[in-house]
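The values are calculated or read from the model by the stated rules, or taken from the named source; none is laboratory data. Small disclaimer: the values here were computed from a predicted structure and weren't measured. Ideal geometry is used to build each Cβ from the backbone, glycine not excepted, and the neighbour counts take in all protein chains shown.
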Amino acid sequence: MSFKETIACIGAGYVGGPTMSVIAYKCPQYKVIVVDINEERIRRWNSDLLPVYEPGLDEIVKEVRGKNLFFSTDIEAAIKEANIIFVSVNTPTKEYGEGKGMAPDLRYLESSARQILKYANGDKIVVEKSTVPVRAAEEIKRVLSVSEKYHFEVLSNPEFLAEGSAINDLLFPDRVLIGSEETPQGIKAREKLVEIYANWVPREKIITSNIWSSELSKLASNAFLAQRISSINALSALCEKVGADIEEVSKNIGLDNRIGNKFLKASVGFGGSCFKKDILNLVYICKTYGLNEVADYWLKVVEINEYQKNRFVTNMIREMLSTLADKKIAVFGFAFKANTNDTRESAAITVVKKLLEEKAIVTIVDPKALENAKKDLEGVKGIVNYTEDPYEAVKDADAIAVLTEWDVFKQIDYEKIYSLMRKPSFVFDGRNILDHKLLYSIGFNVYPIGKPPLTHFKKI
Ligand code: UDX
Ligand code: ADP
């Protein structure tokens with residue numbers, strides 16, 4: 001079959017993989033090649049067990065893989081064949097040198113640009129999909145402008161998908177942003193990308209702008225979302241002190257149309273590869289421009305999140321007779337949110353490490369994220385067990401800590417769970433997903449987030 005054009009994507013991760021699968025699925029007239037330096041990742045993209053768990057992803061990949069969607073490690077061939085090249089590599093927080101712990105590490109982005117420069121055999125459109133600092137497109141352009149033979153047009157097309165709902169977000173996005181230079185060539189390149197998305201996204205949802213607005217909009221969207229969670233989590237601490245209920249407060253706030261009801265769920269803390277990294281990225285940019293007050297404002301969002309995770313463990317220690325040493329704790333959920341196997345920056349990492357420091361014996365239950373959990377806890381001192389069976393995890397346990405809002409944890413027989421545990425038994429519900437009154441009536445001492453605890457202990 002002959003294709004209209006070939007699109008390549010450098011980086012087959014949580015963003016590149018699902019995004020390109022949906023593009024291939026919705027645009028059969030394009031050939032899509034996703035490449036990665038990580039051979040194991042590519043092997044898994046070509047297998048029945050994909051490296052990314054996302055509801056609906058398996059079906060889409062099965063439908064188009066081998067037809068117009070290909071996963072490969074041959075980066076050179078993909079760059080040569082494609083006219084449009086998405087760059088979807090990781091941009092983690094820098095762990096060394098200038099800006100350590102705050103600035104984004106752009107070495108993977110730069111090496112992608114250098115690969116494009118090295119292998120290009122004609123003019124190319126380079127689409128920045130990875131979340132980047134403002135003006136990163138300029139950096140890519142600097143590398144590519146070395147070429148004397150070919151012209152490279154750089155576009156910004158940030159991805160707003162959330163993990164766990166990636167396929168739905170890709171199929172029905174709130175908006176697609178495409179930033180370009182306002183030159184005739186920039187606008188022409190932008191139109192090519194618009195044409196791809198227009199295969200399934202209503203035209204009015206495809207927003208075009210200048211590159212810097214597009215880049216900053218991505219950072220700002222994540223900062224706003226994270227700020228809402230930190231705001232509600234900050235209030236949850238106050239609720240616990242004054243006897244208010246954070247769910248009632250959230251509901252009442254969210255009924256105001258101007259505020260809206262989404263992203264107001266108090267939790268043990270937000271995780272995921274984006275929020276912390278992107279806010280730190282924003283903070284770093286502000287500092288670079290001497291905007292210290294603005295930087296401090298956004299940094300507080302991350303600090304409150306750290307506070308919330310620490311507060312959760314401190315609360316466990318205080319309520320469980322001030323010591324966790326040798327106590328068994330069943331941790332329900334390790335993924336940073338439900339419906340994903342991703343554990344990057346998961347609150348569970350911080351919580352479990354702290355529990356182990358307190359010499360607790362931890363058993364982690366998760367339907368999809370155990371493989372990643374094991375990697376995250378590699379080399380950490382202490383006793384950790386892993387299982388997919390919650391009933392096995394709670395045998396002789398003193399406490400359950402709910403850290404991910406997986407549906408399976410709501411469907412368990414808590415009478416049976418209670419019968420298997422040591423008494424007194426505790427539940428710390430870091431996601432407020434369980435029926436607290438029911439648990440209390442069974443005999444548990446229940447500690448939700450942002451609500452008064454329900455305990456059987458008598459005040460002396
Ligand atoms: C986020 C953005 O939503 C997405 O647009 C962007 O492209 C990438 O970053 P993601 O990190 O995949 O997506 O998941 P998200 O649903 O935003 O959740 C992030 C974290 O916040 C999770 O740990 C989640 O459990 C937590 N959260 C979310 C809350 O604690 N309370 C809420 O009300 C919502
Ligand atoms: P995200 O969540 O943003 O998708 P991931 O870390 O899941 O981030 O994926 C990024 C992918 O990019 C990884 O699989 C990594 O191996 C790949 N990658 C990084 N640098 C390069 C490069 N220069 N060439 C090809 N692939 C790369």
Which listed residue, of Asp74, Asp105, Asp123, is in contact with a His (Cβ under 9 Å, 6 or more places away or on another chain) and not aromatic (Phe, Trp, Tyr): Asp123
Residue list for the stretch 288-322, filter: without any contact (Cβ under 8 Å) to a residue 40 or more places away in the chain, over 20 Å from Ser346 (Cβ atoms) and assigned to a helix (DSSP H, G or I): Thr288, Asn292, Glu293, Val294, Ala295, Asp296, Tyr297, Leu299, Arg318
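Residues checked against (1) in a loop (DSSP other than H, G, I, E, B); (2) farther than 23 Å from Pro18 by Cβ; (3) β-branched (Val, Ile, Thr); (4) more than 12 Å from ligand 1 (Cβ to nearest atom):
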residue: Glu182; (1), (2), (3), (4): yes, yes, no, yes
residue: Lys188; (1), (2), (3), (4): no, yes, no, yes
residue: Val194; (1), (2), (3), (4): no, no, yes, yes
residue: Lys241; (1), (2), (3), (4): no, yes, no, yes
Selection count where residues are outside any strand (DSSP E or B), in contact (Cβ under 8 Å) with a residue 40 or more places away in the chain, in contact with a strand residue (DSSP E or B) (Cβ under 8 Å, 6 or more places away or on another chain) and surrounded by 16 or more Cβ atoms within 10 Å (Cβ to Cβ), scope the stretch 85-102: 4
Members of the stretch 267-287 found to be in contact with a Gly (Cβ under 7 Å, 6 or more places away or on another chain) and either more than 13 Å from ligand 1 (Cβ to nearest atom) or free of Cβ contacts under 8 Å to residues at least 12 places away in the same chain (or both), listed by number: Tyr284
Subset of the stretch 118-138 that is charged (D, E, K, R), without any contact (Cβ under 8 Å) to a residue 60 or more places away in the chain and outside any helix (DSSP H, G or I) - its residue that is farthest from His151 (Cα to Cα): Lys124
Hits in the stretch 161-179 (condition: among the hydrophobic types (A, V, I, L, M, F, W, C) and either crowded, with 17+ Cβ neighbours inside 10 Å or not assigned by TED's automatic domain parsing to the domain that holds Cys9 (or both)): Leu161, Ala166, Ile167, Leu170, Val176, Leu177, Ile178
So Ile187, is it on the phi < 0 side of the Ramachandran plot, out of contact with any Lys or Arg (no Cβ under 7 Å at 6 or more places or on another chain), among the β-branched types (Val, Ile, Thr) and within 16 Å of ligand 2 (Cβ to nearest atom): no
Qualifying residue in the stretch 268-281 (condition: under 19 Å from the mean Cα position of the chain (by Cα), more than 16 Å from ligand 2 (Cβ to nearest atom), buried (at least 19 other Cβ atoms within 10 Å of the Cβ) and in a loop (DSSP other than H, G, I, E, B)): yes
Close pairs from the stretch 347-374: first over 27 Å from Cys274 (Cβ atoms) and assigned by TED's automatic domain parsing to the domain that holds Phe334, partner outside any helix (DSSP H, G or I) and of a type in the set (Ser, Thr, Tyr), Cβ under 9 Å, at least 6 apart: Glu358/Thr323; Lys359/Thr323; Thr363/Tyr386; Thr363/Thr387
Which numbered condition Ala347 fails, given (1) aliphatic (A, V, I, L, M); (2) within 15 Å of Asp429 (Cβ to Cβ); (3) away from ligand 1 (no atom under 15 Å from the Cβ); (4) touching a helix residue (DSSP H, G or I) at 6+ places or on another chain (Cβ under 7 Å): (3)
Matching entry among Ser250, Ser231, Ser217 (being surrounded by 14 or more Cβ atoms within 10 Å (Cβ to Cβ), in the same structural domain as Glu405 (by TED's automatic domain parsing) and closer than 30 Å to Asn83 by Cβ): Ser217
Selection from the stretch 1-53 of residues that are polar (S, T, N, Q), near ligand 2 (Cβ under 9 Å from one of its atoms) and touching an Asp or Glu at 6+ places or on another chain (Cβ under 7 Å): Thr19
